[in-house]
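In what follows, a single structure is set out as structure tokens and then discussed.
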Amino acid sequence: MKILRVINSMDPSHGGPSQGIRNSIPALSQLGIENEVLSFDNPKSDFLKHERFPIYAIGEGKTPYAYNRELANWLETHLDSYDVVIVHGLWLYNSYGTYKAWRKHKSRGGKTKLFIMPHGMLDPYFQRAKGRRLKAIRNWIFWKLFESKVINDADGLLFTCEQELLLARDAFSPYHPKKELNIGYGIAAPPVNAGGIRQTFLERCPTVKTKRFLLFLSRIHPKKGVDLLISAYLDLKGKTMDLPDLVIAGPGLNTTFGEQLQEMTKDDSQIHFPGMLQGDAKWGAFYNCDAFILPSHQENFGIAVVEAMACGKAVLISDQVNIWREIAEGKGGLVEPDELEGIKNLLIKWSQCSDAEQKEMGQKAKLVYERCFTVEQAALKMKAALEGAVSSK
């Protein structure tokens, strides 16, 4: 089987979908499934230089909708080469533009199947969240004009977990996809925790040195709840509570929001901002933290959450991280509401655990990863789902 992934960008700083593609392709290759990627990236981008699978970068889209006139011609020429096309994400031209080309291909007798992977973009949160009123109106208009056709006419939707699948039913109408498939999501096993990994992390975050620390590793964005985390942390410290240091890693420090966070913490030597961490620096942060914390207001899956569990670290998360049930059932972390008191409770409950209890929670977190979130398991589920679709040609 040969699959084409269509995504707006493979830039790793844009978040989870591109990383999910990178995680899944090697495991699918082991199962005999070939994957290629079409992206709206500048072909000269540095992050494309060392990929181990083909990426056809057709140039950046124009306008906020990311319209790309090259898409239709490329797909018309190459669509017959693929058994399945998977569109990653909604609300940008890679979605509706691919759908239009596929409909034309199908009308001419083409047999390629089309699946949509929303990556949480059908979560009702985005229509209800404060501060997103204009974007919610835009999405409603786009739904009526474009996206409802994409969702309801495609051969099926691919979801990363059961919670995402259920939430998608409550965002828009009419919503009647031909298939809803929970194919799971996973990450490859992390590298071995060698001494050099720790040193690489410390080179990026030397102010931590030998201190114990909690790790937040994600985009620096209001959706991630990092402002609540800082407020909770500073408030508890102000009440003389003994807390580990806090490392807040991720892209976005140069945004207005990122600058506001740094201003909030300018007088606190226990909060550290090393920026975006990749490779050994990222894994060094995971392996050397006490626990991972993500108080997100909406998290479709949470790749970084699973990466932390794979490193044997307990995870402290909000109940808006869609895999919270698996984590809570496996006792691999703590779960609280995505509000200030909830985040305080995460920090308090973690601090009240003994060293032995914290270590045991980390061990259970790794078991949750091994049971639910390996990339091999996700690849098998995707293979079974897509082979069933292709065989129905």
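Values computed for the structure shown
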| item | result |
| --- | --- |
| Selection from segment 19-37 of residues that are in contact (Cβ under 8 Å) with a residue 40 or more places away in the chain and either open to solvent by 40 Å² or more (accessible area, probe 1.4 Å) or over 15 Å from Asp83 (Cα atoms) (or both) | Gln19, Gly20, Ile21, Asn23, Ser24, Pro26, Ala27, Gln30, Leu31 |
| Residue selected from segment 305-333 under the condition hydrophobic (A, V, I, L, M, F, W, C) and over 29 Å from Ala194 (Cβ atoms), by the criterion surrounded by the fewest Cβ atoms within 10 Å (Cβ to Cβ) | Ala328 |
| Number of positions in segment 354-386 that are open to solvent by 30 Å² or more (accessible area, probe 1.4 Å) and either under 30 Å from Pro222 (Cβ atoms) or touching a Cys at 6+ places or on another chain (Cβ under 6 Å) (or both) | 1 |
| Subset of segment 249-281 (residues that are assigned to a strand (DSSP E or B) and over 24 Å from Gly342 (Cα atoms)) | Pro274, Gly275 |
| Selection count, segment 270-304, where residues are surrounded by fewer than 24 Cβ atoms within 10 Å (Cβ to Cβ), acidic (Asp, Glu) and under 15 Å from the mean Cα position of the chain (by Cα) | 0 |
| Of all residues in segment 185-219 being open to solvent by less than 10 Å² (accessible area, probe 1.4 Å) and part of a loop (DSSP other than H, G, I, E, B), the one that is modelled with the lowest pLDDT | Gly186 |
| Residue in segment 230-242 that is open to solvent by 30 Å² or more (accessible area, probe 1.4 Å), on the phi < 0 side of the Ramachandran plot, in contact with a strand residue (DSSP E or B) (Cβ under 9 Å, 6 or more places away or on another chain) and touching a residue at least 24 places away in the same chain (Cβ under 8 Å) present | yes |
| Members of segment 111-122 that are open to solvent by less than 20 Å² (accessible area, probe 1.4 Å), over 15 Å from Trp74 (Cβ atoms) and touching an Asp or Glu at 6+ places or on another chain (Cβ under 7 Å) | Leu114, Phe115, Gly120 |
| Options Leu246, Leu181; residue that is at pLDDT below 95 and assigned to a strand (DSSP E or B) | Leu181 |
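This table checks each residue for (1) open to solvent by less than 80 Å² (accessible area, probe 1.4 Å); (2) without any contact (Cβ under 8 Å) to a residue 24 or more places away in the chain.
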{"residue": "Tyr93", "(1), (2)": "yes, no"}
{"residue": "Tyr99", "(1), (2)": "yes, no"}
{"residue": "Arg108", "(1), (2)": "no, yes"}
{"residue": "Leu166", "(1), (2)": "yes, yes"}
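The values are calculated or read from the model by the stated rules, or taken from the named source; none is laboratory data. Everything quoted here is computed from the prediction, not taken from an experiment. Cβ atoms come from the backbone with ideal geometry, glycine included; neighbour counts cover every protein chain shown. Keep in mind that these areas ignore ligands, DNA and RNA; they rest on the heavy atoms of the full protein, side chains included. Shrake-Rupley method; radii C 1.70, N 1.55, O 1.52, S 1.80 Å.
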